[in-house]
Structures are given as structure tokens and as C-alpha cells.
Amino acid sequence: MMSEKRLTLFELNNLVREVIECEMPNEYWVEAELSECRENHGHCFMSLIQKEEKSATPIAKADARCWASKWMLIRPYFERTTGQKLRAGIKVLLKVYAQFHEAYGFSWIVTDIDPTYTLGDMARKRQEIIRQLKEEGVFDLQKSLELPLFCQRIAVISSETAAGYGDFCNQLSDNPYGFQFTTWLFPATMQGEEVEKSIIDALNHINEIYEDFDCVVIIRGGGATSDMSGFDTLSLAENVANFPLPIITGIGHDRDESILDMVSHTRVKTPTAAATLLIDHLKAVLDTIEGAQSLITHYAQQKLSSLKSQLSIIQEILPKLFSAIKFRQEAHIESLNNRMLSAIQQRIMSQMAIISNTESRIPMLLERRITSERHRLEMLEEKEKALDPTLLLKRGYSITFFKGKVVKDPLVLHKGDEIETRIEKGTIKSIIK
Amino acid sequence: MKEIKYEAALAELQTIVRKMENDELDIDQMSEQLKRAQELIKLCKDKLTKTDEEIKKILAEK
């Protein structure tokens, strides 16, 4: 071992450098994930990593550098195209060549970055998040909420100092209809690494008192960077989707919707548009109310006028109706009267008949009575004639009286009694011996 | 005659007529009942006339 030639580290590294420069003179397009990315003196220093598909265990790592001369061109193009900065966690397609420096070691030197690859990867990630949200059944949850009719108590999630927040508040308070809105700011960081956590914290805060609000507005002022990656996370999307109040987003950006926009109740472009939406919503409610009001007035008037005309018809026929009633009643009374008079007439007639019948029988009855009395009298006369004592005297019979009484028994007479004896031609007085 | 309702007056009138028709009244009562009947007839007719006038008057006021 000692017999072998010894090299200095520089000599050895130089050897490596020569081999690499000789054997790998070409440039390569490489796909990798950034695990670190920082700028120093205009140069960009990156750490690249490749993780195992499932376990996320690193299976390759390497440093990469982009010198300032390239970086000043690559960076704006990348950011303009993808809407975000190069930062840890994103996947990139880099054009590199190998460099081994005796003092600084191995590094890939970046000469170009293809932003479309990153865009595609971002899109894939977004699709993955969307798929997961749909699988959880929460993707459309916000869409099933309805803005309350009187949506006037607004919880605002925004950066406190953002111009957009001021625009939003001014737009609301200066509405032309005089609507009153109450806004309550829940400050949050709206750009950079903190976005996700900051918005979730604000949402949690609102959730504790959500009954005090009608909706939540998440706004971000114009002029902020176009880095939207913070709004595309699963955790934020889940929080928004499951939120009990409708959430309106106005986080202003030009490219495709963020996932936050997709799961929110309504998405508008700017804070001002969010305010306009709330005003328009309330105006539509007002219009509905006014429409109903005029309909009610209209129907009430219609009903009233139809009732009025019914009444005037009734008013017209009423006297006629009563005339008919009066006529019938009078006829009825008249007929009762006639019946009564005729009943009386009949009664009188029948009584008269009884009387005259009775009357006519009286003379006959009297005559009969007189005749029979006369006959009786004649009979009595005959009888009396037969009993007349003068006839007996003529025939020689006599009647003896004592003290005016007829003597029929000699024993009533005593010696010395004076008796009278009537005969036909006179009276004989005698004394008993 | 104290205030009597039309229907009551008519009913009484009908009763009198029925009694007369059925010979339920004594002859002595008849003139008295006839007089009562004529009073009732007048009352009914007056009420009808009065009501008619009142209706016309009320409607004319509107």
C-alpha cells in the first residue's frame, strides 16, 4: 500500500474533475424536486432531491447552482410563467451540466429551467388535491350553502394593511342604496409560506363565533405577488369546504382558479368585486321585496275593486229583491184575510140556517100543541057534562047536605041535626028524629 | 199594541185563520178575533212598507 503513489486532495479532486469533464461534457435535462433554494450575491443555490414514489425516502440528492448571469434571465421567466417562485417542495425540469470543483465539490450547473414542467406538476398536484376533496365528499359542500337573504355581517380575512381591504370596505360603505354592512377583520398573512396556516387560524377564530356572521370574505389586495401556491393546499381547502358559513374569495389573480376558489361558495377576482357581489345580492333581495310589495298592492286593489263592483250589483238588486218579498208577503196576508172572512161568512151562514130552520118549525109545533090542548079541553068538557049533578036531580036523585057537606053515611048524623036535601026544583030542610 | 215582530204577528194571524176555518171559535169570540186579525194585518203591512222605505232610504244615502 505504501508503495502506491500518493495524491494530494487537490490532485485527486482534479482527477475527478477531469474525468467528469471528459466523460460528461453534455448538458442534460433532469427532473427533480427542490428541497432548498436560496439566493446569494445574485446566484441561486439549490438542493435537488428525488424521493421514492411511495415512502418519500430520498433516493438521490445533489446540489445545483445557477450563476447570476443565467439566473437573472431564468427567474423572471419562471415566475411569470408559473405564477410562483422557485422554492422548496416544487418540482422542476432543469437543464444542467456536471461540474466538479476541487474546492467546492460536485455541483450541477443550471443553464435553463423549463417552467412548463413545473406548471404541469403543479396542475397534477392540484388535480390530486381536487380528487381527494371529491373523494371526501367535501368539494361541493360550500356550493350547497346559500347566502342569507340579509347578508350584512361580514367576517373578512385579509391582510390588515392591504389596499384591497380598504377598497372592499369603501365599496361596501359607499353603496348607492344606503345598505348597512358590518365588517369584522380577521387579519391573516396573504402571501408567502404563512398563507395556509394563517388563513386556517383566522377561519378557526371565526368558527368559534360563526353565528355572529352571515358570510366570510377572503380577500387579497392587488399588487401582491402572484404566488398562489399557498391557496392550493389540501388542508386549507378542507377547512374552507367544511366551513359552516358561505365563503367568498376575492384573491385577485389572472391564471386558473386556485383550489381555494374552487371549493369556496363564490369566487370573484378582486376585493372590490366581492363587495359588489354582496351589494348586488342585497339589492336583489330588496328588489324581490319591492316586487312582492307592489304585487300585494296590485292584488289587494284588484280584490277591492272586484268586491266594490259586487257590492254595487247587490245594491242595485237589493230593492228589487225586497219588493219581491214584500209582494209575496202581502199576497200571503191578503189570502189569509180572505180565508178568514170567508170562514166567518160560512160560519154565520150556517148558524143562520140553523136558526131559520128552527124558526120555521115553531108555528107548526104551536099549532099541533093548540089542537091537542083543544081536544083535551073538549074531552074534559064531555066528561064534566056527564058528571053534572043537575042531570041526576032531573032524573029524580037528590043530594043531602049537612053543614054544607054532602052526606054519604047516615052514621055522621045525629038526632036534632038539620039537613038540607036538594032535589030538581028546590031544597027540603029536615030535622033528624 | 206593544212592539211585536213581523213573524210573530204573521204566525198569530195564521192561527186565527186556522181556528176560524176549523170552527174552533165561539161565535161570541169571532168579532173580537176578526178585529185582532185586522190589527195584525195592518201591522204586517205597515212593517213591510216601512222596511221597503227604509231600504230605499239607506241605499239612497250611499
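Odds and ends about this structure:
- Among strands (runs of 3 or more DSSP E) entirely within the range A:75-159, having at least 3 residues that are of a type in the set (Asp, Glu) and touching a Leu at 6+ places or on another chain (Cβ under 9 Å) singles out no element at all.
- Some residue of the range B:28-47 being assigned to a helix (DSSP H, G or I), within 29 Å of A:Gln351 (Cα to Cα), more than 8 Å from chain A (Cβ to nearest Cβ) and among the β-branched types (Val, Ile, Thr): no
- Of the listed requirements (1) in contact with a Leu (Cβ under 8 Å, 6 or more places away or on another chain); (2) buried (at least 17 other Cβ atoms within 10 Å of the Cβ), A:Glu31 misses just one: (2).
- Selection from the range B:48-57 of residues that are facing chain A (nearest Cβ under 9 Å) and either surrounded by fewer than 16 Cβ atoms within 10 Å (Cβ to Cβ) or under 21 Å from A:Leu336 (Cβ atoms) (or both): B:Leu48, B:Thr49, B:Thr51, B:Asp52, B:Lys56
- The range A:62-88 residues that are farther than 13 Å from A:Cys44 by Cβ, paired with ones that are modelled with pLDDT under 95 and in a helix (DSSP H, G or I) (beta carbon under 6 Å, 6 or more apart): A:Thr81/A:Pro115; A:Thr82/A:Pro115; A:Thr82/A:Thr118; A:Thr82/A:Leu119; A:Gln84/A:Ser229
- Residues located in the range A:136-191, provided they are loosely packed, with under 13 Cβ neighbours inside 10 Å and closer than 20 Å to A:Val263 by Cα: A:Gly137, A:Asp140, A:Ser144, A:Glu146
- Residue list for the range B:11-24, restricted to those being crowded, with 18+ Cβ neighbours inside 10 Å and either more than 10 Å from chain A (Cβ to nearest Cβ) or within 12 Å of A:Ile344 (Cα to Cα) (or both): B:Ile16, B:Val17, B:Met20
- Any hit, the range A:316-334, residues being within 30 Å of B:Ile16 (Cα to Cα), over 60 Å from the mean Cα position of the chain (by Cα) and at the interface with chain B (Cβ under 9 Å from one of its Cβ atoms): yes
- Residue match in the range A:164-178 (condition: assigned to a loop (DSSP other than H, G, I, E, B), closer than 17 Å to A:Ile247 by Cα and in the same structural domain as A:Thr266 (by TED's automatic domain parsing)): no
- Residue tally, condition within 59 Å of the chain's Cα centre (by Cα) and either in a strand (DSSP E or B) or in contact (Cβ under 8 Å) with a residue 40 or more places away in the chain (or both), over the range A:37-61: 1
- Those strands (runs of 3 or more DSSP E) lying entirely in the range A:350-433 with at least 3 residues surrounded by fewer than 10 Cβ atoms within 10 Å (Cβ to Cβ): A:426-431
The values are calculated or read from the model by the stated rules, or taken from the named source; none is laboratory data. Fair warning: this is a prediction, and the values are worked out from it, not measured in the lab. Quick reminder, even Gly has a Cβ in these numbers, built from the backbone with ideal geometry, and neighbours come from all protein chains shown.
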